[in-house]
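What follows is calculated from the coordinates using simple rules that are stated; it is not laboratory data. This one's a predicted model, so the numbers in the text were calculated from it and none came from an experiment. Here the Cβ positions follow ideal geometry from the backbone for every residue, glycine too, while neighbour counts run over all protein chains shown.
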Amino acid sequence: MTPRSDTEAPEGRSTLEQQRLITSITTLFEHKITFNEFLGFKIEQLDPTPVRVCFSMRPELIGHFQHGRLHGGVISSVLDVSGGLAVMIGIAGYHASETADQIMQRFTHLATIDMRVDYLRQGIGERFTAEADVVRLGKRVAVCSMRLTNEKGSLIATGNATYMVS
């Protein structure tokens, strides 16, 4: 499944090159980062913002065996990776004249510097969605805001993170 991307290629990048970039980001995120693949993270939307990452509850993701709640580490992980994904899309938009290969090379420097997670409700649900927006994208640092909800729309956790971009 290709993630939803409703906007056209940014000025300076062909539609074909934009599709190559989306495919490369999706492959990297969903398969090459095997931790994401193990947790079942799937990109639902890349553009327009916010980016959206979804996953389904499975027994392997339970943190409290008696209550069947989502593990806090899974919550923080999906918030972190959705923030990183939002930064990737921001970088791709900022460097619109570069090819997909050049943009993918830029991601080798992307790293989380700091992240705060506020756990607001128990992680109960069948399907979860993390959304992330870039608050600020600089030449060296990016800041993101993230949210995690379940299929009923209940807000489970929020996060704010700082990422190194170069």
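Taken over the stretch 5-64, the percentage of Cα pairs per 10 Å bin, counting from 0 up to the bin with the maximum distance, is 20, 43, 25, 9, 3.
Computed on the stretch 10-164, with alpha-carbon pairs under 8 angstrom and 6+ residues apart, the relative contact order is 25 percent.
The mean of 1/r over all pairs of different alpha-carbon atoms in the chain, once inverted, gives a Kirkwood hydrodynamic radius of 16.1 Å. Within a straight-line Cα-Cα reach of under 12 Å, K152 can be paired with the following aspartates and glutamates, leaving aside sequence neighbours fewer than 8 residues apart in one chain: E126. Taking the C-alpha atoms only, the angle from helix 15-27 to the longest principal axis of the chain is near 30 degrees.
On a 0 to 90 degree scale, rounded to 10, what angle separates helix 72-94 from the longest Cα axis of the chain? Relative to the chain, helix 72-94 is tipped by roughly 10 degrees. Taking the Cα centre of each part, how many Å lie between the stretch 36-86 and the stretch 97-154? Between the Cα centre of the stretch 36-86 and that of the stretch 97-154, the gap is 11 Å. Note on T15 and D101: their simple-model spin labels are 2.4 nm apart, each label 7 Å out from Cα toward Cβ.
Exactly which GluC sites (Glu not before Pro) in the stretch 114-166 are in a DSSP loop and have at most 13 other Cβ atoms within 10 Å? Passing both the DSSP loop test and the Cβ count: E126, E151. Over the chain, dividing the summed -39,500 (n - 2.57) contributions of all DSSP H runs of at least 4 residues by the number of residues returns a 222 nm mean residue ellipticity of -9000 deg cm²/dmol.
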